[in-house]
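The next block holds one structure in the form of structure tokens; read it before the comments.
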């Protein structure tokens, strides 16, 4: 059926019932985290394998949101001296929210209360740091509707979906800070640093 996007009725039911969004985030958080980033799984494979990293976690959330009536939107966060991070973003009552799977506790769910995407992204700034306690978030992309990859069967594919990550690299990104602001940044408070690592795998 067209509205199942190639999923089985059982798979579609699982994705549709992960609502409201905070329930979808809890499902993501309960999956094993792929520390090595060994795969970029389709939503079908995530359901079967029970494992995600940041990219396929965002794609899984985008697929679930799509089955629930939202566009399947993802957004890239670009860092310096650190890994990028990918969010699934959505709107409710005019506010932007996000879902994500991360090895850091502060880089996951955001309630849909942010007036703009920039405001949403800035809510991640203080929690986005590397193991040297540097605040590393610098840019963010415009939202990408993953429906553009329907012809490649991204929701059910057996092959890895790294081509979507590669597409994100080429999307226009927007700077968050001025050079002067970047120069003045302090390091992350040790208590926040330790709190961000709570539950960290690997």
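A short reminder: the numbers here are calculations on the coordinates, not readings from a lab. Here the structure is a predicted model, which is why all the values come from computation and not from measurement. Glycine also receives a Cβ, built like all others from the backbone with ideal geometry; neighbour counts cover every protein chain displayed.
Largest mean-square fluctuation among 103, 130, 81, in a Gaussian network model of the chain whose springs join Cα atoms under 10 Å apart, belongs to 81. Hey, what angle do you get for helix 54-67 against the long axis of the chain, alpha-carbon based, 0 to 90 degrees rounded to 10? Rounded to the nearest ten degrees, it is 50. Mean separation of Cα pairs under 8 Å and 6 or more residues apart, divided by the residue count, gives region 38-182 a relative contact order of 26 percent. Each residue, residue 145 and residue 32, gets one label point 7 Å from its Cα in the Cβ direction; the gap between the two is 3.6 nm. Helix 21-30 and the longest principal axis of the Cα set of the chain meet at an angle near 80°. Calculated [222 nm] ellipticity per residue, helices only, for the chain: -9000 deg cm²/dmol; basis is -39500 (n - 2.57) per DSSP H run with n ≥ 4, divided by all residues, nearest 500. Spin-label model, residue 134/residue 17: points 7 Å from Cα along the beta carbon direction are separated by 4.6 nm.
The three principal axes of the Cα atoms in region 16-83 give end-to-end lengths of 37, 25, 18 Å, sorted in falling order. Note on the chain: with a GNM built from Cα contacts shorter than 10 Å, the maximum mean-square fluctuation among 106, 186, 37 falls on 186. Can you compute the FRET efficiency between residue 49 and residue 91 using 1/(1 + (r/R0)^6), with r the Cβ-Cβ distance and R0 = 41 Å? Round to the nearest 0.05. After rounding, the FRET efficiency stands at 0.85.
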